[in-house]
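I have placed the structure first, in the form of structure tokens, so that the comments after it can refer back to it.
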Amino acid sequence: MQRELPRTLHTLGDSYQRDRPDTEIIVVDNGSPTPPKAAELRSLGVDQLIEISSLEAAASPANAANIGLQAASGEVVGLMVDGARMTSPGLLNHALTASSTAARSVVATYAYHLGPTVHMEAVEDGYDQEVEDRLLETVDWQSNGYALFSIATFAGSSHRGWFAPMGESNALFMPARLWDELGGMDEKFDRPGGGLANHDLYRRACELDDITLLTLLGEGTFHQYHGGAATGGSNDHEALWSDYESIRGRPYRPPEAPALLYGSVPSEALVHLRRSLELREASEGHEL
């Protein structure tokens, strides 16, 4: 993710995040053929780079994610399993303040894909990194990251909109003690890209005793196209669901835990509010 990671890290930095709290950023490189350089990452605000050699790296990111979780020193820890996900400018501040509203908080974020359609389908229409680069040049996202909402669509895991359960969270925040209780990601999900490891993580987090689930309204992560295992159009989705059922002994279903919406809606995200209302009305059989 040589192209994507610098943008992701920029969107986590001081110059981009609004009212950014004291934050530790850890990057775990899972055996990249060309590993990132520590000096370059430090210039992008990274506090720690953990490198897993190509000989030791697993195809799934689960082990790398767990190594990062173990290295984190904060009282509240956020996990992003994909280095290609840019963020909105209030993500870190809102995640921390939302987490403080309950002793056992699980803070989840909606996911978006850059471009007009999800990347699994967009690639069939000729969408690639060059097209995406030109798309990003049409908005001043460096100065106002909320502009990313205007060039993005709901990811598959968030396709039900803001008012229905999501399938996974691509930036998940919990107190460190809850991560310990959860045991991190399950490394039995060993497919390239992790299969449904992140879906499983989110569901298990929502099933912890006495948790309060909060979803960030008007914040999110924005996936950059990089031909990955999950979004490059080549994944065997039936096999992923089958793997989940063989590991968990049940089909995967999005967690139905009731969620509190936390945050506000920037004007750039109103199109997604409208879409969410349309999806909610359609699911209830009414017209908007």
Exercise. Take the residues of region 117-150 that are among the small types (Gly, Ala, Ser) and closer than 19 Å to Pro6 by Cα: which is surrounded by the most Cβ atoms within 10 Å (Cβ to Cβ)?
Worked result: Gly145
For this session: Within region 2-12, count every residue that is buried (at least 16 other Cβ atoms within 10 Å of the Cβ) and assigned to a loop (DSSP other than H, G, I, E, B).
Result: 2
Seminar exercise, completed: Residue hits (region 13-56; under 16 Å from Val77 (Cα atoms), charged (D, E, K, R) and surrounded by fewer than 16 Cβ atoms within 10 Å (Cβ to Cβ)) are Asp22, Glu24, Asp47
Problem set entry | Inter-residue pairs, beta-carbon under 7 Å, first of a type in the set (S, T, N, Q) and in region 60-88, second crowded, with 21+ Cβ neighbours inside 10 Å and in a loop (DSSP other than H, G, I, E, B), 6+ apart | Ser60/Phe189; Asn66/Met185; Thr87/Thr11; Thr87/Leu12; Thr87/Ala171
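Can you tell me which residue among Ala164, Ala176, Ala155 is touching a residue at least 40 places away in the same chain (Cβ under 8 Å), of a type in the set (A, V, I, L, M) and crowded, with 22+ Cβ neighbours inside 10 Å? Even if it seems obvious, please write down each step before you answer.
Values: Ala164 fails: crowded, with 22+ Cβ neighbours inside 10 Å; Ala176 fails: crowded, with 22+ Cβ neighbours inside 10 Å.
Criteria check complete, one pass: Ala155.
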For this session: Please identify the pairs in which a residue from region 102-122 that is over 24 Å from Ala176 (Cβ atoms) has its Cβ atom under 8 Å from the Cβ atom of a residue that is among the polar types (S, T, N, Q) and buried (at least 24 other Cβ atoms within 10 Å of the Cβ), counting only partners at least 6 apart or on another chain.
Result: Tyr112/Ser158; Tyr112/Thr221; His113/Thr231; Leu114/Gln224; Val118/Thr231; His119/Thr231; Met120/Thr231
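State which residue is farthest from the chain's Cα centre (by Cα) when the search covers only region 67-98 and only residues that are under 13 Å from Ala111 (Cβ atoms) and of a type in the set (Gly, Ala, Ser). Before you say what the answer is, go through the steps one by one.
Going through region 67-98, the residues under 13 Å from Ala111 (Cβ atoms) turn out to be 80-82, 84-88, 91.
With the extra rule that they be of a type in the set (Gly, Ala, Ser), the set shrinks to 84, 88.
Details: Ala84: 9, Ser88: 11 Å.
The selected residue is Ser88.
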Problem set entry | region 254-273 residues that are within 16 Å of Arg203 (Cα to Cα) and charged (D, E, K, R), paired with ones that are at pLDDT below 95 and not in a helix (DSSP H, G or I) (beta carbon under 7 Å, 6 or more apart) | Glu256/Pro165
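Can you name every one of the strands (runs of 3 or more DSSP E) wholly within region 50-124 that holds 3 or more residues which are more than 29 Å from Lys37 (Cα to Cα)? Show your work before the answer.
Working: elements: 76-79, 85-87, 105-114.
Answer list for region 50-124: 105-114.
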For this session: Output the residue which, of all residues in region 177-200 that are of a type in the set (A, V, I, L, M, F, W, C) and in a loop (DSSP other than H, G, I, E, B), is nearest to Gln70 (Cα to Cα).
Result: Met185
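Does Leu213 satisfy the criteria of being in contact with a Cys (Cβ under 8 Å, 6 or more places away or on another chain), under 26 Å from Phe149 (Cβ atoms) and either in a strand (DSSP E or B) or touching a residue at least 12 places away in the same chain (Cβ under 8 Å) (or both)?
Working: in contact with a Cys (Cβ under 8 Å, 6 or more places away or on another chain): yes; under 26 Å from Phe149 (Cβ atoms): yes; either in a strand (DSSP E or B) or touching a residue at least 12 places away in the same chain (Cβ under 8 Å) (or both): yes.
Considered against the rule, which asks whether it is in contact with a Cys (Cβ under 8 Å, 6 or more places away or on another chain), under 26 Å from Phe149 (Cβ atoms) and either in a strand (DSSP E or B) or touching a residue at least 12 places away in the same chain (Cβ under 8 Å) (or both), Leu213 comes out as yes.
Can you name every residue in region 167-176 that is part of a loop (DSSP other than H, G, I, E, B) and small (Gly, Ala, Ser)? Spell out the reasoning first.
Applying the first criterion (part of a loop (DSSP other than H, G, I, E, B)) to region 167-176 yields 167-171.
Once the filter is applied, which keeps residues that are part of a loop (DSSP other than H, G, I, E, B) and small (Gly, Ala, Ser), region 167-176 yields Gly167, Ser169, Ala171.
Those residues that are aliphatic (A, V, I, L, M) and touching an Asp or Glu at 6+ places or on another chain (Cβ under 8 Å), I need them from region 2-27; list them, please.
So in region 2-27, the residues aliphatic (A, V, I, L, M) come out as 5, 9, 12, 25-27.
If the condition is that a residue be aliphatic (A, V, I, L, M) and touching an Asp or Glu at 6+ places or on another chain (Cβ under 8 Å), then Ile25, Ile26 are the ones that fit.
For (1) modelled with pLDDT of 95 or more; (2) small (Gly, Ala, Ser), each residue gets a yes or a no:
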residue	(1), (2)
Ala176	yes, yes
Glu187	yes, no
Ala197	yes, yes
Cys206	yes, no
Ile211	yes, no
Thr215	yes, no
Ala239	no, yes
Arg248	yes, no
Pro255	no, no
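The values are calculated or read from the model by the stated rules, or taken from the named source; none is laboratory data. Everything numeric in this text was worked out from a predicted model, so none of it was measured. Quick reminder, even Gly has a Cβ in these numbers, built from the backbone with ideal geometry, and neighbours come from all protein chains shown.
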